[in-house]
Amino acid sequence: MTAADEKTLLESIPRRLFIDGEWVDAEGARTLDVHDPATGEVIASIADASPEDGVRALDAAVAAQDAWAATAPRARSEILRRAFDLVQQRKEDLALLMTLEMGKPLAEARGEVAYGGEFLRWFSEEAVRISGRYGLNPEGTGHMVVSQRPVGPSFFITPWNFPFAMATRKIAPALAAGCTVVIKPPELTPLTTLLFTQLLVEAGLPAGVVNVVTTSTSGAVSAPIIADPRLRKLSFTGSTPVGRKLIAQAAEGVLRVSMELGGNAPFVVFDDADLDRAVDGAMLAKFRNIGQACTAANRFIVHESVADEFARRVTERVERMPLGRGTEEGVQIGPLIDDRAVAKATELVDDAVARGARLLAGGRAIEGAGSFYEPTVVADVAPGSAILREEIFGPVLAISTFSDEDEAVRLANDTEYGLVSYVFTENLARGHRMIERLETGMMGLNVGVVSNAAAPFGGVKQSGVGREGGLEGINEYLSTKYTLIPAQ
Ligand code: NAD
């Protein structure tokens with residue numbers, strides 16, 4: 001990939017808001033800058049929407065709702081399928097763009113395009129399977145008709161860590177169900193959503209069905225949209241503190257919400273685990289996306305009899321991980337999203353070490369341009385360390401130990417989060433017990449990545465409400481209508 005390729009791609013990306021089928025300037029032609037986290041340089045200036053722009057986007061979604069809901073499911077399905085095909089054609093551009101604005105290594109960005117694209121294909125197939133039921137009531141006096149209707153205009157707020165997949169995971173099921181959309185992409189990585197919107201237009205999406213507002217003032221632009229009685233659904237992916245605020249705003253209008261929030265995933269390695277598998281799983285669960293995933297393993301809870309060997313093996317692997325700009329061949333650790341993320345990783349590691357943890361690899365921020373933190377391993381992390389409570393969101397593998405199954409379960413569940421857990425054991429009965437005992441919405445049993453468009457993604461406890469993907473995903477955008485007709 002040359003600098004000229006990067007420049008050509010960046011120049012081709014739309015830079016304005018997309019409202020009612022038109023690319024338009026923000027009010028007052030205000031702009032916001034997008035940076036490359038590997039260099040700190042500005043790579044694009046794009047429209048910076050005002051609250052009024054946000055309401056205009058909602059106006060367009062509301063105006064388009066009835067016609068979109070009335071389209072044949074097959075027509076909606078075919079638009080999604082064409083969008084899937086266009087994503088395959090443009091996969092290199094989408095991947096490079098994500099690496100430029102977010103920093104992840106190009107190979108991982110390609111993986112995200114593949115994963116995110118699958119939501120378009122999956123929901124193109126689900127669009128034609130929305131159905132209801134018909135039956136006699138128990139008294140025999142009436143026929144009950146149960147049908148599914150699109151919820152209506154939906155508002156999406158997405159995070160920076162998976163700029164493509166977080167957009168498709170919401171937009172695809174909404175369109176399949178017959179809902180129109182306003183999306184507010186993250187201010188740090190808005191470009192991928194803009195390119196994807198261009199592909200939706202090429203796929204034949206009618207005006208007003210998807211509207212995009214990029215802004216540096218997320219709270220101010222979102223609040224009037226959420227407060228608007230014409231909005232029917234809010235779907236948010238991001239941190240738990242922001243999610244909590246949005247749920248409170250949504251409560252005013254008794255709005256339907258889906259919340260994909262933070263995680264603090266336990267990665268439990270039993271003494272009967274296949275250690276090779278556990279180490280492979282650990283590298284994926286921890287270092288994918290430079291540790292910046294809600295599903296990232298946050299706490300490695302390892303049986304005391306295998307902890308030293310596990311730590312030795314992961315340290316060996318971590319010491320060999322090439323770090324650099326994501327566009328460079330072979331790089332596995334790109335930059336963190338910004339300097340605040342580097343400061344947070346530094347603080348958490350320093351706190352763990354001050355409480356007695358052993359630093360086995362890394363442990364330092366890297367001086368110079370870009371926001372880099374070394375891939376790091378800390379062992380013997382003491383109870384009470386902040387790293388066990390907070391999402392690290394960086395390339396830091398923190399190990400603590402346990403001595404029996406009950407203790408492992410207690411430690412794993414000792415968090416207000418409940419998104420995903422990883423368990424490594426060769427004992428089938430123990431594996432089944434863990435499915436029952438761990439309080440998470442998802443689990444990887446002897447595997448370090450669980451995401452799949454055909455599976456229900458989501459958490460329990462303060463990791464969120466609702467599911468994205470799978471058979472469940474489309475239900476978030478449907479409301480059930482029941483009608484009774486007298487039997488005679
Ligand atoms: P964030 O909560 O800071 O921001 C997420 C989005 O919300 C961004 O678009 C941001 O502009 C917007 N936002 C921020 N404050 C807002 C406000 N007051 N009103 C309206 N919008 C507001 O999170 P982030 O740092 O972008 O993403 C990282 C977080 O997202 C982590 O906690 C991670 O675990 C979580 N995450 C969860 C999932 C999941 O599916 N559960 C997936 C990816 C990321």
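A few points about this structure:
- Tally of residues being part of a loop (DSSP other than H, G, I, E, B) and surrounded by fewer than 20 Cβ atoms within 10 Å (Cβ to Cβ) across region 226-245: 4
- Tally of residues being away from the ligand (no atom under 16 Å from the Cβ), hydrophobic (A, V, I, L, M, F, W, C) and in a loop (DSSP other than H, G, I, E, B) across region 134-185: 2
- Only one of the numbered conditions (1) within 9 Å of the ligand (Cβ to nearest atom); (2) of a type in the set (Gly, Ala, Ser); (3) loosely packed, with under 15 Cβ neighbours inside 10 Å is not met by ALA248, and that is (1).
- Criterion (in the same structural domain as GLU112 (by TED's automatic domain parsing) and not basic (Lys, Arg)) met by exactly one of GLY458, GLY431, GLY418, GLY469: GLY469
- Residue among ALA369, ALA352 that is touching a strand residue (DSSP E or B) at 6+ places or on another chain (Cβ under 6 Å) and more than 14 Å from PRO395 (Cβ to Cβ): ALA352
- Per this entry, ILE46 is not counted among residues that are hydrophobic (A, V, I, L, M, F, W, C) and surrounded by fewer than 22 Cβ atoms within 10 Å (Cβ to Cβ).
- A count restricted to region 202-225 and to residues that are away from the ligand (no atom under 14 Å from the Cβ) and either surrounded by fewer than 18 Cβ atoms within 10 Å (Cβ to Cβ) or not hydrophobic (A, V, I, L, M, F, W, C) (or both) stands at 6.
- Number of the condition not met by LEU195 [criteria: (1) assigned by TED's automatic domain parsing to the domain that holds GLY473; (2) in contact with a strand residue (DSSP E or B) (Cβ under 9 Å, 6 or more places away or on another chain); (3) more than 10 Å from the ligand (Cβ to nearest atom)]: (2)
- Residue count, region 317-332 (criterion: under 15 Å from GLU6 (Cα atoms) and either touching a helix residue (DSSP H, G or I) at 6+ places or on another chain (Cβ under 7 Å) or in the same structural domain as GLU92 (by TED's automatic domain parsing) (or both)): 2
- In the set ALA265, ALA311, only one residue is at negative phi and surrounded by fewer than 24 Cβ atoms within 10 Å (Cβ to Cβ); that residue is ALA311.
- Residue match in region 310-322 (condition: small (Gly, Ala, Ser), touching a residue at least 60 places away in the same chain (Cβ under 8 Å) and in contact with a strand residue (DSSP E or B) (Cβ under 6 Å, 6 or more places away or on another chain)): yes
- Test result for GLU407, in the same structural domain as PHE300 (by TED's automatic domain parsing), surrounded by fewer than 20 Cβ atoms within 10 Å (Cβ to Cβ) and within 15 Å of the ligand (Cβ to nearest atom): no
- Within region 186-201, tally of residues that are outside any helix (DSSP H, G or I) and surrounded by 22 or more Cβ atoms within 10 Å (Cβ to Cβ): 3
- Only one entry of ASP5, ASP66 meets the criterion of being part of a helix (DSSP H, G or I) and under 30 Å from TRP122 (Cα atoms), and that entry is ASP66.
The values are calculated or read from the model by the stated rules, or taken from the named source; none is laboratory data. Since this is a predicted model, take the numbers as computed values, not measurements. Glycine also receives a Cβ, built like all others from the backbone with ideal geometry; neighbour counts cover every protein chain displayed.
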